[in-house]
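Single-structure report; data block below.
The values are calculated or read from the model by the stated rules, or taken from the named source; none is laboratory data. The model shown is predicted, which means the values in this text are computed figures rather than measured ones. Here the Cβ is made from the backbone with ideal geometry for all residues, glycine too, and neighbour counts use every protein chain on show.
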Amino acid sequence: MTYLGDVFALARKDLLLELRSRDTVPAMLLFVVSTLVVFHFALPSDASATAETGLLWVALLFTALLGLVRAFVAEREERVLDGLVLAPCDRSAIWLGKVIGVVAFLVAAEVVALPAYALFFQPVGWELVAAVALADLGLAAVGTLLAAMAAAGRARELLLPVLFLPLVIPIVVGGVGASATDDPGRYLAFLGLYDAVFAILSWASFEYVVTE
Amino acid sequence: MSTSLRNNQHVVLAAAAGCLLLAGTSLAFYWVPNAPVEGFRQRIFYVHVPIALTAYACFGWAAWKALRLLWTRERRYDLESYTAVHMGVIFGILTLVTGSIWARTSWGHWWVWGSRQLVLFLVLFLFYAAYFMLRYSVEPGPRRANMSAVYTLFGVALIPVSFLAIRLAEDLVHPVVFTHDVQNRLTGSQLLTFLVCLGGMLSLAGSLYVNELTGKRLDARLRELREALQ
Amino acid sequence: MITARGLGRDFGMKRVLRDVDLEVPRGGFLLVTGPNGSGKSTLLSLCAGLLAPTAGELVVEADRGEIGYLAHEPLVYRELTALENLDLYGRLYRVPERRERIGMLLERFGLWEARRERVGSLSRGTAQRLALCRALLHEPRLLLLDEPYSGLDHAGARLLDDELGSLVGDRTFVVATHAPRRLEFLATAALSLA
């Protein structure tokens with residue numbers, strides 16, 4: 001059980017850091033609400049409900065990106081990542097701890113974003129909430145791994161979106177499908193499949209991304 | 001591998017590619033009878049689909065080499081995986097181009113979101129193009145090799161998941177689904193033509209792969225020698 | 001404990017380390033000297049396992065949990081306190097009686113009063129002392145120290161002298177330094193990277 005102990009120690013560290021500095025989550029909150037407002041002006045007046053749903057998912061995607069760009073900044077700064085990698089714990093615990101943190105940030109942003117969306121556009125059903133929950137897992141899993149990759153290179157703020165977007169297209173499909181069609185179950189199951197495949201892949205391969 | 005054997009492999013693949021492609025093109029444009037519904041236009045099928053399958057084969061080969069790299073940590077697999085991805089992207093672009101031409105001749109548009117294959121290749125193209133950006137922004141070395149390998153493996157997982165997503169998306173957006181009228185069973189002559197073209201494309205990819213790999217390896221050796229002389 | 005033959009490391013086009021042979025027995029103390037850019041830090045990173053060799057071979061007979069690594073950077077979170085940082089590392093390294101060990105190290109290096117301060121607000125020398133605590137926290141058998149005296153004031157240097165003196169003998173050391181004279185009397189071997 002020391003594996004989970006490591007994971008929680010690392011996750012707690014991330015949440016503690018965010019509570020102290022308070023820079024990532026407030027930015028995500030402001031960003032997502034501003035984006036929704038921009039979408040109101042970007043949509044024609046007779047936009048369909050599906051179009052509005054689609055744009056919500058775009059907003060969530062880019063808000064996630066905003067948070068993920070900062071995911072490994074603290075570790076990069078003082079080369080702390082080297083210190084963590086040298087520790088005898090499993091490297092995948094670093095990934096899992098970070099994923100928990102990212103999911104927490106996303107949920108914090110969505111707690112504001114979804115009510116705002118319901119206020120500005122249309123009501124939010126349980127399918128949308130379920131889809132968002134499943135999507136958060138996938139976005140965090142894949143995003144954390146890619147953020148670690150981008151952090152090792154130059155121009156990381158540019159690289160992460162380019163790596164991230166093609167991989168998360170299926171999440172958008174699943175999310176919009178679950179909230180906009182008559183058969184949400186199929187799309188929710190698909191999101192679950194995506195999460196399973198890519199979470200396992202990310203968990204298993206994180207070690208290779210941070211070591212040589 | 002001795003140099004002579006390597007040269008042989010090179011020549012054999014190039015010769016195979018040349019013969020098969022020549023034969024395949026002749027068969028496709030002169031011998032095979034017209035398809036019942038689409039007519040003459042359908043013949044691009046013999047070019048487009050082998051190219052698409054070859055692209056998949058390249059990505060699969062790259063993923064295999066990537067797996068070998070992560071398993072054995074031998075650095076030569078990095079170059080092999082990278083070259084395979086490069087080939088895959090080239091054939092991917094060709095797939096998009098030939099697919100676009102086929103779409104234009106069949107339905108009058110240069111791009112149709114309703115064509116599953118085309119959309120899938122677009123997503124894959126974006127994904128593997130990002131691969132090059134990743135390699136460009138990280139310094140050459142063991143770390144870059146590892147990351148490229150992991151990314152390549154993600155690509156291979158993305159292929160089926162994306163395909164599923166695209167299928168699901170069709171029900172979402174209700175586009176007209178464009179499928180080419182390829183009968184479920186190819187007749188004997190069609191099958192033969194197809195297989196010859198497929199063989200030709202695969203040989204072409206193999207030949208280009210070996211060519212580029214040899215070139216890159218020579219570059220690396222040259223650099224090593226220059227370093228040793230300093 | 002450490003054996004290297006023909007060890008080399010490139011960074012892209014640049015060859016930083018070339019053809020290094022060394023052998024450090026258990027309990028040995030290797031002093032690594034050389035000008036800036038000669039690859040001292042790279043050698044230590046290779047021994048720690050953070051980098052992989054691009055040429056030659058390197059064998060280090062120690063697990064990750066037995067290696068204590070001190071780098072140029074302190075490898076601690078700037079926004080956490082000294083105590084929180086050491087607590088995290090203590091958990092990850094499975095240090096037995098973590099609280100007591102941390103308290104003891106903080107006291108020994110004169111950091112007890114500053115333990116609840118953000119690392120970012122500590123001076124360079126104080127942060128260096130914290131980094132030393134981090135490296136020594138899990139009582140490693142192999143210590144890889146990159147310029148351990150850098151940034152330390154007189155008192156700090158004395159503390160480090162005492163600590164090294166007490167550890168030498170049953171621990172193995174590889175220390176990179178600009179000022180070898182201070183450690184010459186402890187060293188059993190020297191390597192100059194020029």
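Among the residues of region C:18-39, are any at the interface with another protein chain (Cβ under 8 Å from one of its Cβ atoms) and in contact with a strand residue (DSSP E or B) (Cβ under 9 Å, 6 or more places away or on another chain)? There is no residue in region C:18-39 that is at the interface with another protein chain (Cβ under 8 Å from one of its Cβ atoms) and in contact with a strand residue (DSSP E or B) (Cβ under 9 Å, 6 or more places away or on another chain). Here are the criteria: (1) in contact (Cβ under 8 Å) with a residue 24 or more places away in the chain; (2) over 26 Å from C:L31 (Cβ atoms); (3) surrounded by fewer than 13 Cβ atoms within 10 Å (Cβ to Cβ). Tell me which single one C:E97 does not satisfy. Among (1) in contact (Cβ under 8 Å) with a residue 24 or more places away in the chain; (2) over 26 Å from C:L31 (Cβ atoms); (3) surrounded by fewer than 13 Cβ atoms within 10 Å (Cβ to Cβ), C:E97 violates only (1). For region A:181-197, filtered to residues that are within 7 Å of another protein chain (Cβ to nearest Cβ) and buried (at least 18 other Cβ atoms within 10 Å of the Cβ), the residue that is nearest to A:G138 (Cα to Cα) is A:Y194.
Quick check: anything in region C:142-162 among the hydrophobic types (A, V, I, L, M, F, W, C) and in contact with a Ser or Thr (Cβ under 6 Å, 6 or more places away or on another chain)? Checking region C:142-162: at least one residue is among the hydrophobic types (A, V, I, L, M, F, W, C) and in contact with a Ser or Thr (Cβ under 6 Å, 6 or more places away or on another chain). A:W95 meets all of the listed conditions (1) more than 14 Å from the chain's Cα centre (by Cα); (2) closer than 30 Å to C:E139 by Cβ but one, namely (1).
Within region B:146-160, none of the residues are buried (at least 21 other Cβ atoms within 10 Å of the Cβ), modelled with pLDDT under 95 and in a helix (DSSP H, G or I).
Within region B:206-228, restricting attention to residues that are among the basic types (K, R) and away from chain C (no Cβ under 13 Å), the residue that is farthest from B:A17 (Cα to Cα) is B:R221.
Somewhere in region A:108-123, is a residue buried (at least 19 other Cβ atoms within 10 Å of the Cβ), more than 14 Å from chain C (Cβ to nearest Cβ), assigned to a loop (DSSP other than H, G, I, E, B) and over 16 Å from the mean Cα position of the chain (by Cα)? Yes, region A:108-123 contains at least one residue that is buried (at least 19 other Cβ atoms within 10 Å of the Cβ), more than 14 Å from chain C (Cβ to nearest Cβ), assigned to a loop (DSSP other than H, G, I, E, B) and over 16 Å from the mean Cα position of the chain (by Cα).
Among the residues making up region A:137-162, a single one is surrounded by fewer than 24 Cβ atoms within 10 Å (Cβ to Cβ), at the interface with chain B (Cβ under 7 Å from one of its Cβ atoms) and either touching a Phe, Trp or Tyr at 6+ places or on another chain (Cβ under 8 Å) or in a helix (DSSP H, G or I) (or both): A:V162.
Candidates B:V123, B:V89, B:V85, B:V138: the one that is more than 14 Å from B:F59 (Cβ to Cβ) and either touching a Ser or Thr at 6+ places or on another chain (Cβ under 7 Å) or not aromatic (F, W, Y) (or both) is B:V138.
A count restricted to region A:28-82 and to residues that are outside any helix (DSSP H, G or I), within 25 Å of A:L163 (Cβ to Cβ) and of a type in the set (D, E) stands at 1. Only one entry of B:A66, B:A84, B:A103 meets the criterion of being within 15 Å of the chain's Cα centre (by Cα) and either in contact (Cβ under 8 Å) with a residue 12 or more places away in the chain or surrounded by fewer than 20 Cβ atoms within 10 Å (Cβ to Cβ) (or both), and that entry is B:A84. Of the numbered criteria (1) over 16 Å from B:Y46 (Cα atoms); (2) within 14 Å of chain A (Cβ to nearest Cβ), the one B:G92 fails is (1). Once region B:161-177 is narrowed to residues that are under 23 Å from B:W107 (Cα atoms) and within 9 Å of another protein chain (Cβ to nearest Cβ), the residue that is modelled with the lowest pLDDT is B:V173.
Comparison of C:A52, C:A62 shows that the only residue that is over 30 Å from A:T24 (Cβ atoms), at the interface with chain A (Cβ under 8 Å from one of its Cβ atoms) and not in a strand (DSSP E or B) is C:A52. Screening B:G114 on (1) crowded, with 17+ Cβ neighbours inside 10 Å; (2) at pLDDT 85 or above shows it passes everything except condition (2).
For region A:51-68, indicate whether the set of residues that are in contact (Cβ under 8 Å) with a residue 12 or more places away in the chain, over 21 Å from A:P170 (Cα atoms) and among the aromatic types (F, W, Y) is non-empty. No - not one qualifying residue is present in region A:51-68. Highlighted here are the helices (runs of 4 or more DSSP H) found entirely within region C:95-194 that include at least 1 residues which are of a type in the set (D, E): C:98-108, C:154-167.
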